[in-house]
1. Using mean Cβ contacts within 10 Å as the protection proxy, how do 258-271, 157-170, 225-238 order, highest first?
2. All other residues with a Cβ under 12 Å from the Cβ of residue 289 taken together, and with Lys, Arg as +1 and Asp, Glu as -1, what is their net charge?
3. Taking N as the number of residues in segment 226-309, what is its Cα Rg relative to 2.2 N^0.38 Å?
4. Quick one: 3J(HN,Hα) in Hz for segment 326-331, Karplus 6.51/-1.76/1.60 with θ = phi - 60°, rounded, Gly and Pro as x.
5. For segment 170-218, run through the GluC sites (Glu not before Pro) and keep only the ones in DSSP coil with at most 16 other Cβ atoms within 10 Å of their Cβ.
6. Taking only C-alpha pairs under 8 Å that are 6+ residues apart, what is the relative contact order of segment 147-253 in percent?
7. Residue-wise, which Karplus ³J(HN,Hα) couplings in Hz belong to segment 190-201, taking 6.51 cos²θ - 1.76 cosθ + 1.60, θ = phi - 60°, and x for glycine or proline?
Amino acid sequence: MLAATQIHPVINASKRGSFINKSNPARVESLRFQCLAEKASFAEGSKTLKLLSSVQTREHSFVLNTDGHASVSMPGEEETSEAPVLNLELSTFLRTWSPPRYLWRGLSVLILAGQVIVRAIKGKIHWKNTLQQLERVGPKSVGVCLLTAAFVGMAFTIQFVREFTRLGLNRSIGGVLAFAFSRELSPVVTSIVVAGRIGSAFAAELGTMQVSEQTDTLRVLGANPVDYLVTPRVLASCITLPLLTLMCLTVGLASSALLADSVYGISINIILDSAQRALRGWDIIGAMIKSTVFGAIISIVSCTWGVTTLGGAKGVGESTTSAVVVSLVGIFIADFALSCCFFQGAGDSLKNCM
């Protein structure tokens, strides 16, 4: 009976349990654990069969883990898990990204220019500040502008008179100097002097007000900084610069005629008569338009660089230097564009002064 139960323990579970309980209790516990292990392995096998059956109908990828077990990943689940991550990274990038300084300053120039035009058309101008800026840009800049124009005119006279005298074209010297001064030299030289003297001052003043939060104080008091600070400076520059250009044109021609008469023996009357016959009304109008555009460029760029200053005293210095440089570059680019528009075509003006 004992041998039968040991050979066939699965035939009669009750008899096997009673016999093992009576003979060896530790053996009972080991058999119980063995049965549990068999059930667990059977359950894992059924899960594996279900997993393999699903793999046949859908696309899966198997990855072998470090512990030797295989894990399954589905493409749809990866896409859904990667989408929130990409959205989070994009939102973080947009929240932390700031455009380059030159980009938003360039956009600020356009915005500020539009605001000045709109406020000026509506008549919202602080006239007291405008008169102060007119005095500052005009009378206080006359001396340095006229001195610069005189010496530039004499330098050009030395170059032109020597060459034209050798060619026997003494009567064309005045016309050539008049063209050079009216079309290019007087507007550009005057604008360069004003940009170095007035544009740097505009940028430094508004930059200091910005870093010391005085512009915010104006907003708190109910005053618009564009009306109070920017528009008067722009109007003063656009009104005063054409007048300075006419003065520089006159002084440049006068200094050239005096030098040609005193050094090279060419009469002043010959030079002035040649200049009068060569010049046309459009040459003077073109010089005035150029000066107005240059004044707008200097004032708007300088004011924009001032109100966008950051970083305390160091930022004020950097804004001042950058405003002058950008203003000069803008002047040269605008001069080329306006010259292409105004003075295209055949040059017949010098025929009148031959």
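1. Values: 258-271: 16.6, 157-170: 14.6, 225-238: 23.4.
Packing order, densest peptide first, comes out as 225-238, 258-271, 157-170.
2. Working: positive: 183, 290; negative: 283, 335.
That sum, taken over residues with Cβ under 12 Å, equals 0.
3. Details: Rg = 18.1 Å, N = 84, 2.2 N^0.38 = 11.8 Å.
For segment 226-309, the normalised Cα radius of gyration is 1.53.
4. Here the 3J(HN,Hα) series is 5, 5, 5, 5, x, 5 Hz.
5. Values: sites: 184, 205, 213; in loops: 213.
Passing sites in segment 170-218 are 213.
6. It comes to 50 percent, rounded to a whole number.
7. 4, 5, 5, 5, 5, 5, x, 8, 8, x, 5, 5
Computed from the coordinates by the stated procedures, all read-outs in this text should not be read as laboratory data. Here the structure is a predicted model, which is why all the values come from computation and not from measurement. Quick reminder, even Gly has a Cβ in these numbers, built from the backbone with ideal geometry, and neighbours come from all protein chains shown.
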